[in-house]
Amino acid sequence: MNNRPTLSVGDIPIAPRKTRKPTSPETGAAKSPEPPIAVAEVEATTRRHPLPKPSVEERRQTSVQRALDQEKARTRLRDLKRAQTRESKHFVNVPLDYETKMRLQKASFENDLKMTVIMKAAIDQYLRDNGY
């Protein structure tokens, strides 16, 4: 039923391992490793220069300032979102004939703009031309 040739482990060529040459300290081929640093020495060096800890009052001031900044950012973002929704709230429902709608759709596609942007610009231009 199965016409595929089967593979076994013996069919896959495997490269032999490289033999490692033993290095002796007399020949000088092997470099002597540096002595490991003791954990106590590392801890002692880190304790020598501790970072200055801010006082309780300084920590309180920085946390209060951070909270105030976050609250200001939150209110600015909320106000910005409200202003955006306020601008885009006023919709005008305009029935268009088929040909005008197709021309608007084609202009939107070719200029990579939304149809609402084109309509808004056209209405704005008309109102400016007529003194409104």
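Quick notes
- Calculated from backbone phi, Karplus (6.51, -1.76, 1.60) coupling profile of the range 101-118 in Hz, x at Gly/Pro: 5, 5, 5, 5, 5, 5, 5, 5, 5, 5, 9, 6, 10, 7, 4, 5, 5, 5
- Environment charge at Met115 (Cβ cut-off 14 Å; Lys +1, Arg +1, Asp -1, Glu -1): +3
- Using a Förster distance of 41 Å, the FRET efficiency for Glu110-Lys72 (Cβ separation, nearest 0.05): 0.40
- Per-residue extension of 0.36 nm, minus the Cα-Cα distance of Tyr98 and Tyr132, leaves a gain of 9.4 nm for this segment.
- Taking other residues whose beta carbon is less than 15 angstrom from the beta carbon of Leu104, and scoring Lys, Arg as +1 and Asp, Glu as -1, yields +1.
Rule-based calculations on the coordinates, nothing more; no lab input. Everything numeric here is computed off the predicted structure, so don't read it as measured data. Cβ coordinates were reconstructed from backbone atoms using ideal geometry, including for glycine residues, and neighbour counts include every protein chain displayed.
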